[in-house]
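The values are calculated or read from the model by the stated rules, or taken from the named source; none is laboratory data. If you're wondering where the values come from, they're calculated on a predicted model, not measured in any experiment. Methodologically, a virtual Cβ is constructed for each residue, glycine included, from the backbone with ideal geometry; neighbour enumeration extends over all protein chains shown. Note: accessible area is taken over every heavy atom of the protein model, side chains too, but ligands, DNA and RNA are not part of it. Shrake-Rupley method; radii C 1.70, N 1.55, O 1.52, S 1.80 Å.
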Amino acid sequence: DFYKKLTSNELIAILIAAAGHDLAHPGVGNSFLVNAKHKLAKRHKNKAVLERFHAEYCLFLLDAEGTDILSHLPATQQEHIKHTISKCIHITDMESHHELLAELDECARQKKELCSEE
């Protein structure tokens, strides 16, 4: 029943994030990219390299002609959905796993909106 607590914008964002969380994956992990001093690692300052890349690429596609499926929505809704997509993709970084669990636990205790703008 958890999904019933989500707004329609959150559901859309989660579905898009699930589809886009590994877009254009290079087949290696964050540590390999950091150790190899790869341009993606440099661009993302060696932190959550792939997650930031996947989120960036997903948002790029959402703004591109022909794949801009949110364009019919008001700008404020688009931005909220994009923020939520980005946050959902970023939290797939296993280095932030314990932080995420603590945040979700706190949200559940306080019954906060799942993906607030914080």
- Note on the structure: Checked segment 12-39 for anything more than 17 Å from the chain's Cα centre (by Cα) and of a type in the set (A, V, I, L, M); matches are V28, L33, V34, A36
- Query: Which condition breaks for S96 when tested against (1) within 21 Å of I12 (Cβ to Cβ); (2) surrounded by 14 or more Cβ atoms within 10 Å (Cβ to Cβ); (3) of a type in the set (S, T, Y)?
  - Reply: (1)
- Can you name the helices (runs of 4 or more DSSP H) wholly within segment 1-53 that have at least 1 residues being over 20 Å from M94 (Cα atoms)? 8-20, 39-43
- Go through (1) open to solvent by 80 Å² or more (accessible area, probe 1.4 Å); (2) in contact (Cβ under 8 Å) with a residue 60 or more places away in the chain and name the single condition K45 misses. (2)
- Message: A36 - would you say it is in contact with a Phe, Trp or Tyr (Cβ under 7 Å, 6 or more places away or on another chain), open to solvent by 40 Å² or more (accessible area, probe 1.4 Å) and not hydroxyl-bearing (S, T, Y)?
- Response: no
